[in-house]
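Chemist: Take this structure first; my questions come after.
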Amino acid sequence: MDLFNIDLFKQLTPQTTLLTPNSRLSAALLKKHHAWQISQDKRCWPRVDILPFPSFLQRLWRNFIASSIVETPLLLTPNQEQLIWEKILRQSAESDYLIKLSHTAELAKSAWITLKEWRVDLNNAALGTTEDSCIFQKWALEFEQLCKRENWLDSSGLANAICEKILTGEITPPEKIILTGFTEISPQHQYLLDVCVKAGSSITIFEPEKIDNITHRISLTDEETELQTMARWAKSILHLYPDKTIGCIIPNLKKLRDRALQIFSDVFSAEDTYTTDHILLPFNISAGKKLSAYPIIHTALQLLNIHPKPLSINTLSGLLRSPFLGEAEREISQRARFENTLRRNNVSNISLEKLMSEKSHFDFSRDCPAFASRIQKYLDTLPDTSQLLPTSTWVTIFDQQLTALGWPGERSLNSAEYQVVKNAWLTLLTEYAACDTVLGPLNYQQALHYLTYLATKVMFQPQSPEGAPIQLLGALEAADLSFDYLWVMGLDDTTWPPIPKPNPFIPQRLQKALQMPHATAERELVYCQRLTEQFTRSAKQIVFSHALHNDKAELRPSPIIATATTVTLEQILLADFAPPSQKIYATRTMEYIQDDIAPPIQANERISGGSHIFKLQAACPFKAFAELRLQAKKIDEPTLGLMAKDRGNIIHKAMEMVWSKLNDKTTLDQQDDEALMTIVTDSVEHALSLDTSNALKNTRYRKLESLRLQKLLLTWLEKEKARPHFTVIALEEKRETIIGNIPLTLRVDRIDKLDNGRQLIIDYKTGKNNSFDAWFSDRPDEPQLPLYCLTDPDKTIGILFAQINAEKMKWDGVSELTLDIDSVKTIDKVKYTDANNWKEQIAQWQTTLQKIGTDFSNGNATVDPKDSVETCRHCHLHAFCRIHESSEL
Ligand code: SF4
């Protein structure tokens, strides 16, 4: 037991109340006091009164209410207060201009609390000096009047109410009050203490004596290294001294919580004696995360919100994949398939009614019967959402709806999920049910809005085992706690002290004059100096650390820790640590298995893909194998308008229609503007009428798309007019062939017959970067046109891309003889091939494509991208082929 606590404990009598700034310090002191008594062989001792200041105020008030015979104001909970502020701002004239209304409500509430704590009257003239403070003043007066009218008492007014009752003798303060651990006392609390003194209390501030300690300072590369080094240091101390307490202070804990938790879990779970379940790890983190950020609660809120607005594909995908719905495990495959169907059909949002409708394009009830039946139950129990009901009734309805949907799922919850539901969610619902008085009757959407809002404000951390030896704390929570060993990180010159952050609703001059929190750099400096002093009293061995740089700049140590002795990494105790992946890799015994050959294609194996098979196999054999034989295809990302592939199909169809009417160049040339316009318009309208995309059901969008296509086609036809005479002899013609043992059905966009009797194969492209160089090399990027060419090489004189793109319209291709078409070259002028003439080129394509086809049909599935940067950049299979791992080996 250290001297710090004994000196304090000796002053505690049954008439004394010991006040601390937070419950963590109260609990620690209470625990130590018990240990101190036991160490003196005592078996029982008088109860000591140790509690945080806010609880002290609430106790005085509760006792007063219990003894009062007159009606007393209702003390609001913090959540009720927040809801009232949110409601006031939402109903204010300014609500339309507030982009982040909830955040503004928080700032307004914070300004209100600060003014109360600094004893500034709302009618203070300074509050009328800026536009923001005038608006705030209006909201605050509304809050004040509302509380008065309804006889409510908010927590920041509690101290004032108690002062009044002490002065009238209705509340008797404790005989003796000791304060410890306070970095500062607000004027409001100081006034309350003064009133207590007037009423006969004695007040003492206990400051523990300075202890001899060793304080070191260390510079580390960055924040990540700081966290990792701190974790390794804590682990090494724990190994050497298992019964000692270790504090790890992270001033920016709110922001770094998840990263800190991850790094500490990695460092400690790398040890055999711990498991990866953080419940069994020897540390406890004080910061929680938003209740709404826990997946189980996120799903609950999403489920309550599935009606009446249409569901976006992302929300519906999340629900189809969520384990927190009824029958989620049993129906997992059907739900995945259904999601894929929606995506393929470019469904970017869908209403529940449409999803359930028998006339719907999709058969939800057939594909996901259990989910559909849950939704049906939900819809059957859905009340009239426009009726105004108290929050307590809405809470019951929400509960019924979640039950109808099978939330929280069929699998057993893990410990953290169980705690989130039982300790946080149910508590929140209970508290929300009691908000009738502050919110009044609400409709469904309003009730859900306020519940969601509270779920984003409530912070929750599942409990760790009692007495974890390592505590990860924020700076304020750690003040005056004592440890055997302490590490404080993040003490660089930009963070400690932090940049001032005055509240925008209180004029800066007023904040500066009264030295309000975060008002000026000087105040932040003094405050951080005091906190640092408290840290140095907290342990005998202390390490202060800072990063040498962050994303933006080089960093230096904070001047506040400049006097601490500098140490290097070699001078401090550090446990060995390697990330789990490295540890596994280090213990590897390599076994080489040649597994790049898949079974050859069987006679009864159906492979579809046409020329796409050759394109994929040429780009990367594994990609072709994965996508075409294992069906490891990328899921579609629905868009608001037409999908790119649908746009392409519509243009193809429209061009087919145009040339089925025009037939040849002479007819094209004979059309006057009006006639051509009619042909193009009819063709485009016909092509659009064949497309069933949802996007085209929007008349305005359809009209715009029609106009865009008409313009595009008319511009393209001007390019056709510039060509020598031709006759279109085939449109969307099917051709069958076998190349490299692969039976292929190819569809040629268009074949023109030239005046010399030879044929030109044309392929429409709607992208803008098409070039004939993609047809050459032994791994051609676009083997489609060479494949078409091989179906009838003797008659074919050339192959062409027709790039119909608003930004760049062009022909691009190669031919045997000069064709008098822009950008079309004869084969002898093409630098990408060594063929001297058309015949040689045909032979080369025959050999190349034969080999690619044979490789595919023989099962060649090697991870061998044509270009490991470019080819892999556009591929979604990285995690499957593990290309990055193989390049690291
Ligand atoms: S990521 Fe690269 S190596 Fe892997 S399958 Fe795709 S293209 Fe081939």
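Chemist: Given the protein chains as shown and a 1.4 Å probe, how many square angstrom of Thr381 are accessible, to the nearest 10?
Modeler: Surface accessible to solvent at Thr381 totals approximately 70 Å².
Chemist: Are there trypsin sites (Lys or Arg not before Pro) in segment 1-102 that DSSP marks as loop and that have at most 15 other Cβ atoms within 10 Å, and which are they?
Modeler: Hits after loop and neighbour filter: Lys10, Lys42, Arg43, Arg47, Lys100.
Chemist: Which order do Val48, Val70 take by accessible area at a 1.4 Å probe, largest first?
Modeler: Result of the area sort, largest leading: Val70, Val48.
Chemist: Next question, about the same structure. Can you pull the percent of segment 379-465's accessible area that's carbon plus sulfur, 1.4 Å probe, other chains left in place?
Modeler: C and S fraction of accessible area: 57 percent.
Chemist: As a test question: what accessible area, to the nearest 10 Å², does Tyr241 have when a 1.4 Å probe is rolled over all protein chains in place?
Modeler: Probe radius 1.4 Å; accessible area of Tyr241 about 90 Å².
Chemist: Ignoring ligands, DNA and RNA, what accessible area per residue does segment 762-889 give at 1.4 Å, in Å²?
Modeler: With all protein chains present, segment 762-889 gives 50 Å² per residue.
Chemist: Give the residue list of GluC sites (Glu not before Pro) in segment 456-550 that are DSSP loop and have at most 14 other beta-carbon atoms within 10 angstrom.
Modeler: Answer by residue number: Glu466.
Chemist: Would you calculate, for the chain, the mean residue ellipticity at 222 nm contributed by helices, counting each DSSP H stretch of 4 or more residues as -39,500 (n - 2.57) and dividing by all residues, to the nearest 500?
Modeler: -14000 deg cm²/dmol
Chemist: Expressed in nm to one decimal, what extension gain is obtained for the pair Leu569 and Glu840 from 0.36 nm per residue of sequence separation less their Cα-Cα distance?
Modeler: Extra length available between Leu569 and Glu840 comes to 90.7 nm.
Chemist: Shifting gears a bit: Could you rank Met809, Met655, Met677 by how accessible they are, 1.4 Å probe, largest area first?
Modeler: Heavy-atom accessible area, descending, gives Met677, Met809, Met655.
Chemist: Where the accessible area of segment 106-189 is counted over protein heavy atoms with a 1.4 Å probe, how much of it, in %, is carbon and sulfur?
Modeler: 46
Chemist: Cα-Cα over 21 Å: which of Lys633/Lys851; Lys31/Lys244; Lys634/Lys703?
Modeler: In this structure, Lys633/Lys851; Lys634/Lys703 exceed 21 Å between Cα atoms.
Chemist: Roughly how many debye, to the nearest 20, is the charge dipole of the chain about its Cα centre, given +1 on each Lys and Arg Cβ, -1 on each Asp and Glu Cβ, and no other charges?
Modeler: The dipole of the chain has a size of about 1040 debye.
Chemist: When only DSSP loop residues count, what GluC sites (Glu not before Pro) in segment 657-713 have their Cβ near at most 15 other Cβ atoms within 10 Å?
Modeler: Sites meeting the loop and neighbour criteria: none at all.
Chemist: Given a 1.4 Å probe and the protein chains all in place, what does the accessible area of Thr871 round to, in Å² to the nearest 10?
Modeler: 30
Chemist: I've got another one for you. Quick one: which residues, 5 or more positions from Leu75 or on another chain, have an amide H under 5 Å from its amide H? H modelled 1.01 Å from N in the peptide plane, none for Pro or chain starts.
Modeler: Amide H neighbours of Leu75: Leu153.
Chemist: So for Ile797, Ile6, what's the accessible-area order with a 1.4 Å probe, most first?
Modeler: So, going from the largest accessible area down, we get Ile6, Ile797.
Chemist: For Leu525, what is the net charge nearby, where nearby means another residue's Cβ is under 13 Å from its Cβ and Lys, Arg count +1, Asp, Glu -1?
Modeler: -2
Chemist: A further question follows. Quick one: what are the phi-derived ³J(HN,Hα) couplings along segment 515-522, Karplus 6.51/-1.76/1.60 with θ = phi - 60°, whole Hz, x for glycine and proline?
Modeler: My calculation for segment 515-522 gives 6, 6, x, 6, 7, 9, 5, 4 Hz in order.
Chemist: What's the extension gain from His549 to Val830 if we count 0.36 nm per residue and subtract their Cα-Cα distance?
Modeler: 95.8 nm
Chemist: Here's a follow-up. What FRET efficiency comes out for the pair Thr520/Asn160, r = Cβ-Cβ distance, R0 = 30 Å, nearest 0.05?
Modeler: 0.70
Chemist: Apply 1/(1 + (r/R0)^6) to the Cβ-Cβ distance of Thr385 and Lys255, taking R0 = 41 Å, and write down the FRET efficiency to the nearest 0.05.
Modeler: 0.60
Chemist: Taking θ = phi - 60°, what integer Hz values does the Karplus form 6.51 cos²θ - 1.76 cosθ + 1.60 yield along segment 164-179, in sequence order, with x for Gly and Pro?
Modeler: With coefficients 6.51, -1.76 and 1.60, one gets 4, 6, 5, 5, 8, x, 7, 10, 10, x, x, 5, 9, 10, 10, 10 Hz.
Chemist: What's the Kirkwood radius of segment 535-645 in Å, using all Cα pairs?
Modeler: 22.0
Chemist: Treat each spin label as a single point 7 Å out from the Cα along the C-beta direction, and report the Lys583 to Ile597 distance in nm.
Modeler: 4.0
Chemist: I'd like the FRET efficiency for Asn305 and Thr430, computed as 1/(1 + (r/R0)^6) with the beta carbon distance as r and R0 of 22 Å, rounded to 0.05.
Modeler: 0.55
Chemist: Does segment 322-451 come out rounded, prolate or oblate, given a ≥ b ≥ c as the square roots of the eigenvalues of its C-alpha gyration tensor, rounded meaning a/c under 1.5 and, failing that, prolate meaning a/b above b/c?
Modeler: Oblate shape, in that a/c is at least 1.5 and b/c is the bigger or equal ratio.
Chemist: Next question. Can you list residues whose amide H is under 5 Å from Leu18's amide H, if they're 5+ apart or on another chain and H is modeled 1.01 Å from N?
Modeler: Asp49, Ile50, Leu51, Ile178
Chemist: Pull up all non-local amide H partners of Val543: gap of 5 or more, or a different chain, and H-to-H distance under 5 Å with H placed in the peptide plane.
Modeler: Amide H neighbours of Val543: His216, Leu486, Trp487, Val488.
Chemist: Compute the distance in nm between two label points, each set 7 Å from the Cα along the Cα-to-Cβ direction, one at Ile205 and one at Lys10.
Modeler: For Ile205 paired with Lys10, the spin-label model returns 2.2 nm.
Chemist: I've got another one for you. So, counting K/R as plus one and D/E as minus one, what does the shell of residues with Cβ under 12 Å around Ser95 add up to?
Modeler: My count for the surroundings of Ser95 gives 0.
Chemist: Pull out the extension gain between Lys501 and Phe880, defined as 0.36 nm times the separation in residues minus the alpha carbon to alpha carbon distance; nm, one decimal.
Modeler: Contour length minus the Cα-Cα distance gives 131.7 nm.
Chemist: Indicate the gyration tensor shape class of segment 752-809 (rounded, prolate or oblate), computed on the Cα atoms with a ≥ b ≥ c the square roots of the eigenvalues: a/c under 1.5 is rounded; otherwise a/b larger than b/c is prolate and the rest oblate.
Modeler: Judged from the Cα gyration tensor, segment 752-809 comes out oblate (a/c at least 1.5, b/c at or above a/b).
Chemist: Right, something else. Going Cα to Cα from Lys697, which lysines come in below 18 Å? Please leave out same-chain ones fewer than 8 positions away.
Modeler: Lys354, Lys359, Lys645
Chemist: A further question on this structure: Spelling out what I want: for every residue of segment 224-229, take phi, set θ = phi - 60°, compute 6.51 cos²θ - 1.76 cosθ + 1.60 (Karplus), and round to whole Hz; glycine and proline get x.
Modeler: Per residue, the Karplus-derived 3J(HN,Hα) values read 4, 5, 4, 4, 5, 5 Hz.
Chemist: Let me ask something else. For segment 627-729, what does the accessible surface come to per residue with a 1.4 Å probe? Please give it in Å².
Modeler: 53
The values are calculated or read from the model by the stated rules, or taken from the named source; none is laboratory data. The structure presented is a predicted model; accordingly, all values stated were derived computationally and were not measured. Methodologically, a virtual Cβ is constructed for each residue, glycine included, from the backbone with ideal geometry; neighbour enumeration extends over all protein chains shown. Heads up: the accessible areas ignore ligands, DNA and RNA and are worked out on the full protein's heavy atoms, side chains in. Shrake-Rupley method; radii C 1.70, N 1.55, O 1.52, S 1.80 Å.
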